[in-house]
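The values are calculated or read from the model by the stated rules, or taken from the named source; none is laboratory data. Note that the structure is predicted; figures quoted are calculated from it, not measured. Heads up, the Cβs are rebuilt from the backbone with ideal geometry, glycines too, and the neighbour counts pull from every protein chain shown. Calculation scope for accessible area: heavy atoms of the full protein, side chains included, ligands and nucleic acids excluded. Shrake-Rupley method; radii C 1.70, N 1.55, O 1.52, S 1.80 Å.
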Amino acid sequence: MSSNQKKRNFQIEAFKHKVVVDPKYADKTWKILEHAIHEIYNHNASGLSFEELYRNAYNMVLHKFGEKLYSGLVFTITFHLQHISKSIESAQGDLFLEELNRQWADHNKALQMIRDILMYMDRTFVPSTHKTPVHELGLNLWRDNIVRSSNIQMRLLSTLLELILKERDGEVINRGLMRNIIKMFMDLGPSVYQEDFEKPFLEISADFYRAESQKFIECCDCGDYLKKAEKRLTEEIDRVSHYLDPKTEAKITNVVEKEMIENHMPRLVHMENSGLVNMLLDDKYEDLRRMYNLFRRVTNGLATIRDVMTSHIREIGKQLVTDPEKLKDPVEFVQCLLNEKDKYDNVIILAFNNDKTFQNALNSSFEFFINLNPRSPEFISLFVDEKLRKGLKGVSEEDVEIILDKVMMLFRYLQEKDVFEKYYKQHLAKRLLSGKTVSDDAERSLIVKLKTECGYQFTSKLEGMFTDMKTSQDTMQGFHTAYGAELGDGPSLVVQVLTTGSWPTQPGVTCNLPAELSALCEKFRSYYLGTHTGRRLSWQTNMGTADLKATFGKGQKHELNVSTYQMCVLMLFNNADRQMYKEIEQATEIPSSDLKRCLQSLACVKGKNVLRKEPMSKDIGEDDAFFVNDKFTSKFYKVKIGTVVAQKESEPEKQETRQRVEEDRKPQIEAAIVRIMKSRKVLDHNNIIAEVTKQLQSRFLANPGEIKKRIESLIERDFLERDNADRRLYRYLA
């Protein structure tokens with residue numbers, strides 16, 4: 001083919017033969033399809049040829065008779081549903097729901113077959129004309145002709161609600177049938193389920209539970225009421241799982257919670273003889289757990305429990321710390337605090353799901369009432385003293401740690417931790433010097449805990465006390481090596497050399513030691529000062545102990561373990577059978593209050609009365625006469641005679657300790673002010689007070705008046721100055 005040959009254009013012409021459709025084609029075909037739908041609804045589908053029917057429907061749509069097919073379908077289904085409606089209406093009693101369920105199942109089967117036949121229409125004609133698909137159309141027609149028909153709608157709802165009411169009253173109902181009917185509502189669409197069933201169901205449930213809760217609360221105690229509420233809640237959740245829409249669970253539980261719990265919270269927690277306070281007092285963990293689990297479901301439920309619990313604990317605690325009987329015995333007082341803490345810790349762990357907000361409320365309550373008693377720091381230290389002296393004998397290490405941890409927990413609640421430190425130091429000193437501590441490990445463990453809690457500064461002096469004890473042992477070995485031969489069979493001496501700053505020593509306490517001991521003490525002084533330069537020794541006779549060998553009437557011999565003061569008194573009776581109080585006071589120069597306590601323990605304690613006094617009485621008078629008690633007997637060779645001590649401090653001693661604490665606080669407050677001003681340079685009065693209080697709260701609660709005095713003192717010493725324009729503003733002077 002040559003390149004210049006013309007290109008040919010091919011053209012396809014239209015088909016010349018015109019297809020003529022039978023004018024009655026649409027009616028004939030529809031009649032076949034209509035007959036098939038009737039047969040399907042009449043359960044005669046087995047004789048139908050679905051392939052042929054599909055082709056007929058296909059051809060009708062293809063020949064543009066889709067509209068006729070669709071409208072005919074609507075009419076035919078509606079016709080059948082009207083007959084079905086009458087059949088359902090005529091069903092009586094229990095048969096009503098069964099008939100509805102049967103007809104619904106048949107309708108669904110029929111719809112499935114019809115949709116298969118009309119599949120082509122569903123795929124092409126329906127989307128292009130924006131009509132409802134066949135299956136959905138069948139559901140909508142069922143909804144309008146059956147479920148919402150005037151004769152069925154209210155009857156259906158009341159039947160369902162009646163059955164639920166029967167079930168609530170304990171009757172057994174056909175749950176399978178219920179599930180099918182409720183599923184029908186759900187299949188007809190969320191709005192049908194919600195409007196035609198769920199909404200009235202929730203309303204009638206609210207009325208039911210409102211009335212029931214009112215009835216229960218009048219006749220039940222709190223524990224029983226909560227059991228009933230819990231049971232109802234479980235039943236409703238169970239009901240949802242068996243035959244309601246899962247989304248209904250939150251709504252129906254909300255109704256039960258509101259009507260049975262939220263509306264009655266104050267009355268339940270304060271119910272007489274059975275409310276929250278009674279549950280706490282009687283350790284009703286199960287009831288408390290139930291209350292917690294139910295109340296947590298409603299707004300402010302847990303806050304209500306927490307507030308009542310807090311005010312109850314504060315009230316109990318307040319009574320405890322102000323009870324004069326409890327204050328007589330510090331160890332018992334602290335044990336009661338620990339018992340209360342254990343009790344409510346258990347409640348929170350076992351009943352309140354170890355809820356942190358409840359734990360915080362408990363802690364704040366304890367902090368509140370422990371600090372109502374200004375002697376709490378002293379009492380806690382006395383409790384530790386009692387435990388570490390004898391209370392922990394035979395107790396395992398783990399249990400010792402538990403007790404010490406409990407003590408630390410109470411210690412954390414104290415606002416005046418420095419007061420505790422003062423007393424703890426005094427008590428520790430006595431334990432160490434008398435060798436009365438049960439376990440050095442326990443002592444050190446507590447100091448480590450205090451160090452972790454409050455820092456090195458808090459415990460450095462306490463650790464120094466242990467160091468002194470060790471050093472003293474080495475010193476005594478050296479002394480005995482140097483003077484062993486000279487000492488011979490005379491009295492033996494054990495000295496503890498204490499660093500002045502570390503120990504709570506009392507300056508200038510005088511006491512005349514017996515001559516044989518005085519000479520021995522001088523020997524030690526010359527040895528010690530000879531081996532250490534630049535040091536001074538002062539004897540603390542009030543802190544020592546002695547062992548004396550004594551012979552009573554009928555030659556009975558005993559070894560008496562006494563304090564240094566008691567030894568000085570007893571040695572006087574080697575030279576005289578009778579001593580007057582004034583003579584003893586003059587010879588020993590022991591301070592009057594100490595001497596009276598000392599004589600009381602020697603003459604007035606049954607079983608330990610190595611002296612007797614005239615006249616016989618429990619108190620020591622200045623005109624009393626004392627004699628050796630020749631009739632003294634004891635089944636033990638070694639007899640320990642303790643000093644009658646006021647376990648708690650007397651009022652003057654308390655004032656003195658308080659004064660020492662206040663003095664110790666001054667430099668700490670000043671140091672805090674300087675630290676803050678150094679970093680801030682300029683600060684107003686209120687902010688200084690707030691910052692100083694915050695910095696020192698781990699040790700004590702600083703008094704604003706005292707802070708103001710310390711600021712004035714620092715201004716006088718040119719650490720700070722007032723601003724000329726604003727007198728409440730302070731500047732730091734480098």
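Structure above, values below:
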read-out: Size of charge dipole - the chain - debye, nearest 20, with Cβ of Lys, Arg +1 and Asp, Glu -1, no other charges; value: 2000
read-out: Residue order for ASP342, ASP418, ASP726 - accessible surface, 1.4 angstrom probe, largest first; value: ASP726, ASP342, ASP418
read-out: Cα-based shape type of region 376-418, given that a ≥ b ≥ c are square roots of the gyration tensor eigenvalues and the cut on a/c is 1.5; value: oblate
read-out: Extreme residue, positive dipole direction of the chain, given options ILE402, THR499, GLY642 (C-beta unit charges); value: THR499
read-out: Phi-based couplings in Hz for region 51-63 (Karplus 6.51, -1.76, 1.60; Gly and Pro marked x); value: 5, 5, 5, 4, 5, 4, 5, 4, 5, 4, 5, 4, 8
read-out: Antiparallel content of DSSP bridges confined to the chain, in %, to 5; value: 85
read-out: Cut-off under 5 Å, modelled amide H: who pairs with SER563 long-range; value: ALA546
read-out: Accessible-area ranking of THR533, THR633, THR129, largest first, probe 1.4 Å; value: THR533, THR633, THR129
read-out: Area accessible to solvent at LYS461, 1.4 Å probe radius, in Å²; value: 90
read-out: Region 298-366: relative contact order in percent, alpha carbon pairs under 8 Å with at least 6 residues between; value: 38
read-out: Farthest positive-ward along the chain dipole, Cα basis, beta-carbon charges - from ILE261, SER311, GLN668; value: GLN668
read-out: Region 180-250: mean projected area of Cα convex hull, nm²; value: 5.0
read-out: Per residue accessible area of region 188-307, 1.4 Å probe, in Å²; value: 47
read-out: Calculated P(r) of region 59-135 - Cα pairs past 14 Å, %; value: 66
read-out: Region 283-406 - percent of accessible surface contributed by carbon and sulfur, probe 1.4 Å; value: 46
read-out: Gap separating the Cα centres of region 162-220 and region 222-285, nearest whole Å; value: 18
read-out: Set of lysines with alpha-carbon distance to LYS326 below 20 Å, sequence-local pairs under 8 removed; value: LYS318, LYS341, LYS343, LYS387, LYS406, LYS648, LYS654
read-out: For region 309-419, projected area of the alpha-carbon convex hull averaged over all directions, nm²; value: 7.3
read-out: Area of VAL674 that stays accessible when all protein chains are in place (1.4 Å probe, Å², to 10); value: 30
read-out: Lysine pairs in region 560-635 with Cα atoms under 12 Å, if 8 or more residues apart or on separate chains; value: 5
read-out: Debye, to nearest 20: dipole size of region 143-252, +1 on Lys, Arg Cβ, -1 on Asp, Glu Cβ; value: 240
read-out: Span from the region 29-99 Cα centroid across to the region 543-586 one, whole angstrom; value: 124
read-out: 13 Å beta-carbon shell around ASP283, net charge (K/R +1, D/E -1); value: -3
read-out: In order through region 445-460: 3J(HN,Hα) via Karplus (6.51 cos²θ - 1.76 cosθ + 1.60), integer Hz, x for Gly, Pro; value: 4, 5, 5, 4, 5, 5, 5, 4, 6, 10, x, 4, 4, 5, 10, 4
read-out: Solvent exposure ordering (accessible area, 1.4 Å, most first) of ASP196, ASP630; value: ASP630, ASP196
read-out: Within the chain, longest stretch clear of exposed chymotrypsin sites (Phe, Trp or Tyr not before Pro) (DSSP loop, no more than 14 other Cβ within 10 Å); value: 16-635
read-out: Whether region 593-644 is rounded, prolate or oblate, judged on the alpha carbon gyration tensor where a/c under 1.5 counts as rounded; value: oblate
read-out: Phi to ³J(HN,Hα) by Karplus 6.51 cos²θ - 1.76 cosθ + 1.60 over region 331-347, Hz, x for Gly, Pro; value: 5, 5, 4, 5, 4, 4, 4, 5, 4, 4, 5, 4, 4, 7, 4, 4, 4
read-out: Relative contact order [Cα under 8 Å, 6+ residues apart], region 226-345, whole percent; value: 20
read-out: Exposure of SER150 as accessible area (Å², to 10), given a probe of 1.4 Å and all protein chains; value: 110
read-out: Candidate aspartates and glutamates for bridging to LYS709, where Cα separation is under 13 Å - those fewer than 8 sequence places away on the same chain excluded; value: GLU662, GLU663, GLU670
read-out: Fraction of the pair-distance distribution of the chain above 33 Å, Cα-Cα pairs, percent; value: 72
read-out: Lysines with Cα under 28 Å of LYS523, excluding same-chain neighbours fewer than 8 positions away; value: LYS430, LYS436, LYS470, LYS549
read-out: The chain, relative contact order in percent, only Cα pairs under 8 angstrom and at least six apart counted; value: 6
